Each structure stands twice: as C-alpha cells, then as structure tokens.
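> To start, I am sharing the structure in question, which I have written as structure tokens.
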Amino acid sequence: MEPKKVGVVGCGTMGAGIAICMLQSGMDTVVCETSAENLENGLNRISAFFEGSVKRGKMTPQQKQERLNLIQETTDLQDLVDCDVIVEAIFEDVRIKNNLFRELNTICNHNTIFVSNTSTLSITSIASGCGRQDRVIGIHFCNPAPLMKLVEISHGLETSDDTYNKAVEFSEYLKKKVVTTKDTPGFILNLLLVPFENDCIRALEQGIATVEDIDLVLKHGLGYPMGTFELLDNVGLDIHYAVSMSLYNELKDKRFAPPPLVKKMIDAGHLGKKTGKGFYEYNKTGMFGAV
Ligand SMILES: NC(=O)c1ccc[n+]([C@@H]2O[C@H](COP(=O)([O-])OP(=O)(O)OC[C@H]3O[C@@H](n4cnc5c(N)ncnc54)[C@H](O)[C@@H]3O)[C@@H](O)[C@H]2O)c1
C-alpha cells in the first residue's frame, strides 16, 4: 500500500515523531491537534527535528522545506476526510480514543484505515462500536519514532486480514521493521520493558546506586544503547506513570505498579526532557537530541 495522503491526530511526543516518518516518506500529511497552541507546539517539534538534520548535514535546507510543505495543519477533524490512513497518537485513554474513532468514522472515506498508537490499551476496545471495527488496527511506534525502526502491529478481534496486510505494507513504506503481536496489554515491548524500568527505579529508591551508575551498567555492562533513566526522560515520567498504571490495572502484577518516586517527580514537574528536568537535566535543544 502506497498511501498518498495520511493523517496524524495528536501532535505531542509521538504524533510529531510519526508525522516526521510520514513526511520523510514523501506523504501528504494532515496534522490535527485540539487547539492552535498545541498545533503550533507540535509543528515546532517537527520543524526542529528537520532543522537538526540540516545542521548535521543530513539534508539540505531545500529538502527540509519540501518536507514541511507536505504538511496540512488543522484543528478540524473534517480535514482528515480523504486520508488513506489516520494514526491517532492522543492521550492513553480508551474512552477518548474510542470517541475519536466514532467521530472519524462519520467523516472519513469508507476505505480509510484507522491506526492506534496505543502502548497498553486493547485495539478491540478502542475500535468497539466505532462503525468500522474491521478497518481499525494497532501500530505501536517506538519513541523517538523517526529514529526507532520497530513497530508492533496488533489486530483487534474484528480487524480484517486486508487491514492487517495494508498496515504491514504501510509500515514497510515508512521503512519500519514489523513484528506482529496479539491484542494483549503492553504487546511485546512494554510487557517486557515496563517492569524492568520499574525495577531500575526501585533500585534507585533503595539507594543501591546512582542514576548515572545504573545507566552505565546498562550501557557498558549489557550493551544497551541508552540507559533506563535516559530512556524514561525521553518517554516522559507522566507517560511512564500512565503506561505502568494501565498495565498494572490490566495484569495485577505489582512489578508493573509505578514506584512512589515516579509520582513525586511528576508532582514536582520533573517529567523528563520535555520539562528540562527528569532524572537528568537538559538544555532547551530539540526533542530528539542526545542526553
Ligand atoms: N511517549 C512514548 O514514549 C510513547 C511510545 C509509544 C506509544 N505511545 C502512545 O502514544 C500516544 C500519545 O502519547 P504521547 O507521548 O505522544 O502523548 P503527548 O501527551 O505528548 O501527546 C498527546 C497529544 O494529543 C493531543 N490530543 C489529545 N486529544 C486529542 C484529540 N481528541 N484530538 C487531537 N489531539 C488530541 C494533545 O493535545 C497532545 O498534544 C499514547 O497512546 C501513548 O501511550 C507513547
């Protein structure tokens, strides 16, 4: 499937990253947000990413502009009417995602495929009663989406084989590596990663070692490209809390429960890179910069 026009609903951390993937593949991309301010923030993220690529000599200013010219920005869902594929990257709440798909179903062409980027929620529940359950599928991008190759594709109980095949082709068109998972909480990645991240935070709480030393162990002892605390700062502590709670509520396994330090950091406004401070401190350079 070579989609010509695609849409992203929600242009936060993930939506901006997914839009960049689409733009890099040359697709006309409608970017939809809830308000002009949120839209501007999202577009700034996209622009900053391409500006970084120009500075690193990976693209010319003209190529940057060509990609930005493919964006149609909007706060009106009606503008998604003729998209071949729409990816939602809005808040991790099944009711909000389900309402969005119900509304989009009344707007979009019959053939439009609805994709959820949920990390933890059931695709079947997100699609429930939306009116095109056979054309709803999960494609879980990894953060940062423009840099990470993996996507996890999961189909709901009623997702058709045709939708699944198109989702695989779409992902490959974005140059992603595809794995297929059951419609199960956390799919593969978060089912394995989230309890491990919480173990690292508990080790920090117990004073076993510093943030830096735990990350050094993971990078130089296990060969991980990034330490857990670097990763958590990239993801955002608020997102980690929501993902952990969602998985804990589904699975009732206490390794998924976020340790108290996570809530304290959120209350203090230390959400990670996006607020300039998390487990590490940051200057105000781009969202995908190195720690
Ligand atoms: N952050 C990660 O590392 C990560 C990784 C993979 C998947 N996800 C999933 O991606 C989704 C988004 O996460 P995020 O980290 O980008 O969150 P975020 O808070 O950074 O961005 C969400 C954006 O959605 C917008 N939004 C909310 N409701 C909307 C609506 N009805 N219409 C249009 N825009 C709307 C908000 O204004 C916000 O800008 C969640 O489902 C999350 O579980 C997150």
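> So, R0 is 41 Å and r is the distance between the beta-carbons of Glu250 and Thr60; what FRET efficiency does that work out to, to 0.05?
0.30
> Separate question: Mind checking the per residue accessible area of the chain for me, 1.4 Å probe, whole number of Å²?
Accessible area per residue: 48 Å².
> Would you mind working out the magnitude of the charge dipole of the chain relative to its Cα centre, with +1 at each Lys and Arg C-beta and -1 at each Asp and Glu C-beta, to the nearest 20 Debye?
The dipole magnitude comes to about 560 debye.
> Run the dipole for segment 1-145 about the Cα centre, Lys and Arg Cβ at +1, Asp and Glu Cβ at -1, nothing else charged, and hand back the magnitude in debye, nearest 20.
Rounded to the nearest 20 debye, it is 460 debye.
> Could you work out the relative contact order of the chain, using alpha carbon pairs under 8 angstrom and six or more residues apart, expressed as a whole percent?
Computed value for the chain: 14 percent relative contact order.
> Ignoring ligands, DNA and RNA, what percent of the 1.4 Å accessible area of the chain is carbon and sulfur?
The computed percentage sits at 52.
> What is the antiparallel percent of DSSP beta bridges lying wholly in the chain, to the nearest 5?
20 percent
> How much length would be gained if the chain were fully extended between Asp161 and Thr74, taking 0.36 nm per residue of separation minus their Cα-Cα distance, in nm to one decimal?
28.2 nm
> Run the numbers for Asp267 and Val81: contour at 0.36 nm per residue of separation, minus the present Cα-Cα distance, in nm.
Answer, rounded to one decimal: 63.0 nm.
> Another question, if that's okay. Which residue, chosen from Asn109, Thr159, Cys130, occupies the Cα position most advanced towards the positive end of the dipole of segment 5-181, where the dipole is computed from +1 (Lys, Arg) and -1 (Asp, Glu) charges on Cβ about the Cα centre?
Thr159
> Given N residues in segment 158-291, what is its alpha carbon radius of gyration divided by 2.2 N^0.38 Å?
Relative to the rule-of-thumb radius for its length, segment 158-291 sits at 1.20.
> Among rounded, prolate and oblate, which fits segment 4-58 when a ≥ b ≥ c are the square roots of the eigenvalues of its C-alpha gyration tensor, a/c under 1.5 means rounded, and a/b larger than b/c means prolate?
Because a/c hits 1.5 or more and a/b fails to exceed b/c, segment 4-58 counts as oblate.
> I'm a student and want to see the number: the projected area of the Cα convex hull of the chain, averaged over all directions, in nm².
14.7 nm²
> Would you work out the charge dipole size for segment 189-275 about its Cα centre, treating the Cβ of every Lys and Arg as +1 and the Cβ of every Asp and Glu as -1, and quote it to the nearest 20 debye?
For segment 189-275, the charge dipole is close to 200 debye.
> Counting only the backbone N, which residues of segment 123-165 are under 13 Å from the spot 7 Å out from the Cα of Arg102 toward its beta-carbon?
126-132
> On alpha-carbon atoms, Rg over Rh for segment 129-208 using Kirkwood Rh?
My calculation puts Rg/Rh at 1.12.
> Is the C-alpha gyration tensor of segment 84-238 telling us rounded, prolate or oblate? Criteria: a/c under 1.5 is rounded; beyond that, a/b larger than b/c is prolate, otherwise oblate.
Taking the square roots of the gyration eigenvalues as a ≥ b ≥ c, segment 84-238 is prolate.
> Which peptide among 85-98, 114-127 comes first, and what is the full order, when sorted by highest mean count of other Cβ atoms within 10 Å?
My ranking of the peptides, most packed first, is 114-127, 85-98.
> Given the peptides 207-213, 232-238, 194-200, 180-186, arrange them by the average over their residues of other C-beta atoms within 10 Å, most packed first.
Answer by packing, highest mean first, reads 232-238, 194-200, 180-186, 207-213.
> Taking H as built 1.01 Å from N, whose amide H comes closer than 5 Å to the amide H of Ile113, not counting residues under 5 places away?
Under 5 Å from the amide H of Ile113 lie the amide H atoms of Val85, Ile86, each far enough along the sequence or on another chain.
The values are calculated or read from the model by the stated rules, or taken from the named source; none is laboratory data. Remember, predicted model here, so these are calculated numbers, not experimental data. Quick reminder, even Gly has a Cβ in these numbers, built from the backbone with ideal geometry, and neighbours come from all protein chains shown. Note: accessible area is taken over every heavy atom of the protein model, side chains too, but ligands, DNA and RNA are not part of it. Shrake-Rupley method; radii C 1.70, N 1.55, O 1.52, S 1.80 Å.
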